[in-house]
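Every read-out reported here was derived from the displayed coordinates using simple, explicitly stated rules and does not represent laboratory data. Source: prediction; values computed, not measured. All Cβ positions, glycine included, derive from the backbone under ideal geometry; neighbour counts span all protein chains shown.
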C-alpha cells in the first residue's frame, strides 16, 4: 500500500509478521512505473532513477526519520554485469534530499542469488536465505531504512532486515519506490 499509512495488513503479513517496523511504498507498481522502473533497472536509465528518488523523497518526508539509509545491495557479480546498483542510485539522492546519512557500506549480498522476478513466493524466500551479511565495523545505527526499487513478495526486504536486526540494529524500516499490488 503506498505510503503505508493506515493500510491493512495482508494475510501473509498477519501469518508471518515482517521483521521491519514499517514499509513505505511511494507508488503502486503499474503504468507508467511498470515500464519506467525496468528501463531504469536493466537499461541504465539513471536519470529516471534520480527523478524517482526525488518523488520518493516527497512521499517519505513525514516518515519516522532513520539514522541512516541502507540500499539493498546487488551481489558483486551482478553489479559487475549491470554496472550500477539501482537501489544505491535511488538512495544516494534520497539521502542528500532528506539529510539522512547513506550507509552503503553496512550491508552486503554475500551469495549470488537467482533473479527474483522468475521465482514464486516460496522460492523467493528460499533463494534469499543467508544472502545478506552486515559488515563488521563501527557502531551500528539504531534505526535504518532499507531502500529498494520494487517490492513484490517482500522476501528481499525480509532477508535484509533480518540480517540487520540480528547484527544489532534496533529498528528497520523499508522504503521502496513501488509495491506490486
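Using 0.36 nm times the number of residues separating residue 28 and residue 79, minus their current alpha carbon distance, what extension gain do you get?
On the way: separation 51, 0.36 × 51 = 18.36 nm, distance 2.60 nm.
Length gained, residue 28 through residue 79: 15.8 nm.
Tell me the label-point distance for the pair residue 61, residue 21, using the 7 Å Cα-to-Cβ offset, in nm and rounded to one decimal.
Modelled inter-label distance: 2.2 nm.
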